[in-house]
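What follows is one structure encoded as structure tokens, with my remarks underneath.
The values are calculated or read from the model by the stated rules, or taken from the named source; none is laboratory data. Note that the structure is predicted; figures quoted are calculated from it, not measured. For neighbour counting, all protein chains shown are included, and Cβ atoms are generated from backbone atoms with ideal geometry for every residue, glycine included.
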Amino acid sequence: MDVIYWLIPSMLVVGLLAVLAIIWAAKSGQYDDMDGEAHRILHDDD
Amino acid sequence: MSEQCYHCGLAVPENEPVHRDIKGEEQTFCCIGCASVCEAIHEAGMESFYQRTADGELLAPPPPPPKNVELYDYDEVQSEFTQNLGDIREIHLLAEGIHCAACVWLIESTLAKLDGVKFGNVNLTSKRVKIRWDNRQIQLSTIISKLANVGYSVVPFDPNNAEAALKKQNRALLYRVAFAAFAMMNIMWIAVSLYTGADEGEFKNFFHWVAFGIATPTLIYSGYPFLKGAWDAIRSRRLGMDVPISIGLLTTYFYSLYITIYVPEGDVYFDTLIDLMLLLLVGRYLEAISRTKAVDSTQRLMDLQPKVALKIENGEEKILPIRLIKKGDWVRIKPGEKFPVDGVIKEGSTQVNESMLTGESREIHKYEGDEVSAGTINLNGTVTVKVQSILQDTALGRIIALVEEAQNSKAPIQCTADKIIPYFVTTTLTLATASLLYWLQFDVNTAILAATAVLIITCPCAFGLATPMAIAVASGVSAKLGIFVKNGAVLETLSSVDHIIFDKTGTLTKGEMSVVKTLGNVEQFASSIYAIEQRSEHSIALAIKTYFEEKQVSQAELGEFKVHPGQGVEAIVNNQSVYLGSQSWMKGLEVDDLSDWSAEVDLEEAKGHTCVWLAIDGQAQGVIVIADTLREDAQALMAALKNEGIGMTLLSGDRAAVAHSIAQELNASMEVIAEVLPSEKDAVVQKLQAQGKTVAVVGDGINDAPALARADVGIAIGSGTDVSMDSADIVLMNSKLVDVYNARLLSQRTLKTIKQNIGLSITYNIIMVPLAMSAVLTPMIAAITMPLSSLLVIGNAARLRKFKKR
């Protein structure tokens, strides 16, 4: 059961990274336009 | 079967289709707007726009292009929207007319084709466009008109305004909630492991350390608003809700930390700590989103007054931003425009609608030498005005300044929970000290355990949620009833209001003219009168027109027609010459038989009613009496409020006789104060407040705004001016007066719920504190009972949703 000693902390670190990633994404405006970006990729420059 | 518009896909009106040549084929459009937009799109070679719009997606006809775009080229104007005024500039635009992804493509492609535009990005969700351009190569006005050509009306806006700042603040709070939620989910399984047996194994102390690792960043990040609030409160020597919360949080944290380090066999409360913060933060967040912030006063002023003026310089007209106009300049105002300045008319005469300032809906005639006020509307004549004051110095500007002053001087609302806090803190600290002293006789460790347990268990979670939960639910309920509560805290105040001040025009009355009765042979000539008034735009004409429309009168053939401004109209109908107008005009025309009704007319005019005389072929035939009538539910409201023993005052800028006749009609025992200026309305509120009364003001005009802001509760009518709604705490969206009473009922219900909630949390403390004092509290009991007490409070608040209006 010694695995717990490093498994739990590393799991917490992974979780924390995920939270930080989401906060970073929201702060950098990636959730500001939920519709436009999905279509923009289909626009070609003609 | 009508055709579809080639551009927007709406049905083409049958009588006036628009035809244009598009790529050599004639196409049909529903309006000129659609046709020009379609032409512009094809000219620019961007017709693939039409393939990009999804099938069945209807485009709306393009919005009208913005007026006076040249003004946006001035640095003085641009400085309101952007800080950087160098060669490369960036600005945010608010766009009208964006409906789908194809619009994003069309706008971005249009911007990409313009030389000098470095960057253009459309946000489809918020309908905003961000552009960066080189000011040496292209002007902002050119960009705006290019976008107008393809069917989008854009105006610059400042994303850093007050509203946006508040949103950002709320978003930051939401991050803290999210982090606390994340921490709670993770600490939960550690707590569960401990409670289900891990506390006996070798991992117990390790789990304590993990819990400590989760709780520390959460306390620092998510708990920051409470700790900071408590620190500020202590420095200014008052006790807010944050103080007991912080005492509880810090005690719990440091006690658990102490156990983790020194007492491996002890129990920790880290999970309770995080649960507490999450629940309290949710309450805080709900409280924060139910508040809306007042708009900056200069911004508001700019919205009400035109941003440009037509200056006369050496006989030539020149469009200038309002900030560049100086006292003594001459400016020209065309029909339908708002006056940009306060000044004196030097040339021309016109009718002016001053309702936004005075609340008086009737047009006022202004001739050379008369004064005009900024923000009022010039109806039908071109006039040249010598400027006396602009912006902050105008009558409108002074009212707005007064609103600002009243808002700033308003004391923060003391809610019921706040009043109990000092007693709560004192009692908790006394009990904790008592337990410490008592147990010290036996054993130091138990003494510390008992004392901290008291502080942990009394942490006022349910207490802290009592008010915000009730107010959040009540705000939601009221919104459904058409009562928009801008500042949730006033829901508590409203129930203790004992004096209500009503504005007259537009609040108790409808604010528009309608026919009260007719005298003499008026009905006999109904079709002639109806035909004449069809041609007129005057508010009195409108009233008469509506009156006959409701009677389904047929329309006679109208011959020659002439308007005498300020006097009346004459026309030939059915070979008779018909005159409709004022008594003095009739006298001047030497009409016969005026004396038949003059006694009755004098009586009506004393009440403030307007009388329009009818004369046919030089013979007076009757009188139409017109007045601003009471709202249907005014009397019901008065009766209901009187029943509750609330004092009432009618406050009006109108003549005393008119105000008194309205009060009489209402059949209410109310004080009448007439002929007051906006600043005096504010003073009346202050005087009542000085007498110790809790005052609510109900109003709709800009002239009511200072009083609305000053009052303990300001209630604005939804059909009124934006400024009055900005200054008020509650807006009646359905413009029904009875909602004043409903809001009060809801407020009483809310206060009752808040009191119940406080009662619940006190009961919880009475049960739990003895447990803590006798040193038998365990983390398990704390983890179960503390959230339970909060849930009880939330559940009780949710019962408010059943509120029904009468």
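Can you name the number of the only condition in (1) more than 8 Å from chain B (Cβ to nearest Cβ); (2) closer than 23 Å to B:Lys168 by Cα; (3) surrounded by 10 or more Cβ atoms within 10 Å (Cβ to Cβ) that A:Ser28 fails? Every condition holds for A:Ser28 apart from (3). Criterion applied to B:Leu194, B:Leu147, B:Leu140 was being within 14 Å of another protein chain (Cβ to nearest Cβ) and either of a type outside the set (D, E, K, R) or out of contact with any strand residue (DSSP E or B) (no Cβ under 7 Å at 6 or more places or on another chain) (or both), and the one residue passing it is B:Leu194.
Listed here are the residues, each with its yes/no results for (1) in contact (Cβ under 8 Å) with a residue 60 or more places away in the chain; (2) crowded, with 24+ Cβ neighbours inside 10 Å; (3) more than 21 Å from B:Leu708 (Cα to Cα); (4) polar (S, T, N, Q).
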| residue | (1), (2), (3), (4) |
| --- | --- |
| B:Cys459 | yes, yes, yes, no |
| B:Ala462 | yes, yes, yes, no |
| B:Ala479 | no, no, no, no |
| B:Gly482 | yes, no, no, no |
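Among the conditions (1) under 30 Å from B:Leu320 (Cβ atoms); (2) in a loop (DSSP other than H, G, I, E, B); (3) in contact with a Cys (Cβ under 9 Å, 6 or more places away or on another chain), the only one that B:Cys8 does not satisfy is (1). Among the residues of segment B:121-137, how many are within 14 Å of chain A (Cβ to nearest Cβ) and not in a loop (DSSP other than H, G, I, E, B)? Count: 6. When we screen B:Ser761, B:Ser747 for residues that are closer than 30 Å to B:Thr694 by Cα, surrounded by 15 or more Cβ atoms within 10 Å (Cβ to Cβ) and in contact with a Phe, Trp or Tyr (Cβ under 8 Å, 6 or more places away or on another chain), the only hit is B:Ser761.
Residues that are more than 26 Å from B:Lys419 (Cβ to Cβ): list the strands (runs of 3 or more DSSP E) wholly contained in segment B:467-523 that include at least 3 such residues. Strands (runs of 3 or more DSSP E) meeting the threshold: B:499-503, B:509-520. Could you check, for segment B:670-692, whether at least one of its residues is surrounded by 15 or more Cβ atoms within 10 Å (Cβ to Cβ) and under 24 Å from B:Leu519 (Cβ atoms)? No, segment B:670-692 contains no residue that is surrounded by 15 or more Cβ atoms within 10 Å (Cβ to Cβ) and under 24 Å from B:Leu519 (Cβ atoms). Being surrounded by fewer than 21 Cβ atoms within 10 Å (Cβ to Cβ), assigned to a helix (DSSP H, G or I) and not assigned by TED's automatic domain parsing to the domain that holds B:Lys127 holds for only one residue in B:Phe207, B:Phe254, and it is B:Phe254. Looking only at segment A:31-46, filter to residues that are among the hydrophobic types (A, V, I, L, M, F, W, C) and surrounded by 11 or more Cβ atoms within 10 Å (Cβ to Cβ); which one of those is farthest from the other protein chains (Cβ to nearest Cβ)? For segment A:31-46, the residue satisfying everything is A:Ala38. When you look at B:Glu70, is it modelled with pLDDT of 80 or more, of a type in the set (D, E, K, R) and surrounded by 15 or more Cβ atoms within 10 Å (Cβ to Cβ), yes or no? Answer is no for this residue.
Annotation note: of B:Glu43, B:Glu70, B:Glu39, B:Glu47, the sole residue that is closer than 24 Å to B:Trp105 by Cα, assigned by TED's automatic domain parsing to the domain that holds B:Val104 and touching a helix residue (DSSP H, G or I) at 6+ places or on another chain (Cβ under 7 Å) is B:Glu47.
Filtered by the rule that a residue be touching a residue at least 40 places away in the same chain (Cβ under 8 Å) and under 30 Å from the mean Cα position of the chain (by Cα), segment B:104-140 gives B:Lys130, B:Ile131. Restricting segment B:539-579 to residues that are touching a helix residue (DSSP H, G or I) at 6+ places or on another chain (Cβ under 6 Å) and of a type in the set (S, T, N, Q) leaves a set whose member that is surrounded by the fewest Cβ atoms within 10 Å (Cβ to Cβ) is B:Ser554.
Out of curiosity, is B:Asp342 surrounded by 15 or more Cβ atoms within 10 Å (Cβ to Cβ) and touching a Lys or Arg at 6+ places or on another chain (Cβ under 6 Å)? Considered against the rule, which asks whether it is surrounded by 15 or more Cβ atoms within 10 Å (Cβ to Cβ) and touching a Lys or Arg at 6+ places or on another chain (Cβ under 6 Å), B:Asp342 comes out as no.
Looking only at residues in segment B:83-106 that are touching a Phe, Trp or Tyr at 6+ places or on another chain (Cβ under 6 Å) and assigned to a helix (DSSP H, G or I), the one that is farthest from the other protein chains (Cβ to nearest Cβ) is B:Leu106. Apart from one condition, A:Met11 fits all of (1) more than 7 Å from chain B (Cβ to nearest Cβ); (2) closer than 21 Å to B:Val122 by Cβ; the exception is (2). Tell me whether segment B:52-68 contains one or more residues that are over 31 Å from the mean Cα position of the chain (by Cα), assigned to a helix (DSSP H, G or I) and within 14 Å of another protein chain (Cβ to nearest Cβ). Yes, some residue in segment B:52-68 is over 31 Å from the mean Cα position of the chain (by Cα), assigned to a helix (DSSP H, G or I) and within 14 Å of another protein chain (Cβ to nearest Cβ).
Looking at segment B:555-580 only, could you name the residues that are under 44 Å from the mean Cα position of the chain (by Cα), free of Cβ contacts under 8 Å to residues at least 40 places away in the same chain and not in a strand (DSSP E or B)? Answer for segment B:555-580, where residues must be under 44 Å from the mean Cα position of the chain (by Cα), free of Cβ contacts under 8 Å to residues at least 40 places away in the same chain and not in a strand (DSSP E or B): B:Gln555, B:Gln567. The set of residues in segment B:380-393 being part of a loop (DSSP other than H, G, I, E, B) and crowded, with 18+ Cβ neighbours inside 10 Å consists of B:Gly381, B:Ile390. Residues in segment B:1-22 that are among the charged types (D, E, K, R) and either crowded, with 18+ Cβ neighbours inside 10 Å or at pLDDT 80 or above (or both): B:Arg20, B:Asp21. Listed conditions (1) closer than 30 Å to B:Ile220 by Cα; (2) in a strand (DSSP E or B) are all met by B:Trp189, apart from (2).
Restricted to segment A:14-25, and to residues there that are facing chain B (nearest Cβ under 10 Å) and β-branched (Val, Ile, Thr), the residue that is nearest to B:Asn186 (Cα to Cα) is A:Val19. Just so you know, in segment B:714-732 the residues that are of a type in the set (A, V, I, L, M, F, W, C) and within 18 Å of B:Glu512 (Cα to Cα) include one that is surrounded by the most Cβ atoms within 10 Å (Cβ to Cβ), and it is B:Ala716. Taking residues in segment B:494-514 that are within 17 Å of B:Asp739 (Cα to Cα), and partners anywhere that are outside any loop (DSSP other than H, G, I, E, B) and among the charged types (D, E, K, R), the pairs with Cβ atoms closer than 7 Å and at least 6 places apart or on different chains are B:Leu494/B:Arg744; B:Ser495/B:Arg744; B:Asp503/B:Asp704; B:Thr509/B:Asp628; B:Lys510/B:Asp628.
If you scan segment B:205-256, which residues turn out to be within 14 Å of chain A (Cβ to nearest Cβ), among the small types (Gly, Ala, Ser) and out of contact with any Lys or Arg (no Cβ under 9 Å at 6 or more places or on another chain)? Passing the criteria: B:Ala211, B:Gly213, B:Ala215. Among residues of segment B:1-30 that are in contact (Cβ under 8 Å) with a residue 40 or more places away in the chain, those with a beta-carbon under 8 Å from a residue that is part of a strand (DSSP E or B) at least six positions away or on a different chain give the pairs B:Cys5/B:Ala11; B:Cys5/B:Thr28; B:Cys5/B:Phe29; B:His7/B:Phe29; B:Leu10/B:Gln4.
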